[in-house]
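See below for the structure under consideration.
The values are calculated or read from the model by the stated rules, or taken from the named source; none is laboratory data. Here the structure is a predicted model, which means the values were calculated and not measured. Positions of Cβ are backbone-derived with ideal geometry, glycine not excepted, and every protein chain shown enters the neighbour counts.
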Amino acid sequence: MVITIPANVKHWHGAKKDSWFSHLAIEVPGEEISNEWCEEVKDEEYERLD
């Protein structure tokens, strides 16, 4: 699956506890755009996921 996120859009992605997840990010340079890495999910929060 390929997901395209427009410039300057904050987003989150992850996996469920019972599935695998692999993430490959390709950042395209541009003018007046940014890439923000959000906070990581703590183990306690992850364990509460369905």
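Below, the figures for the structure above:
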item	result
Meets criteria (surrounded by fewer than 10 Cβ atoms within 10 Å (Cβ to Cβ), of a type in the set (V, I, T) and modelled with pLDDT of 75 or more) for I3	yes
Filter result for L49 (assigned to a loop (DSSP other than H, G, I, E, B) and either touching a strand residue (DSSP E or B) at 6+ places or on another chain (Cβ under 8 Å) or exposed (fewer than 10 other Cβ atoms within 10 Å of the Cβ) (or both))	no
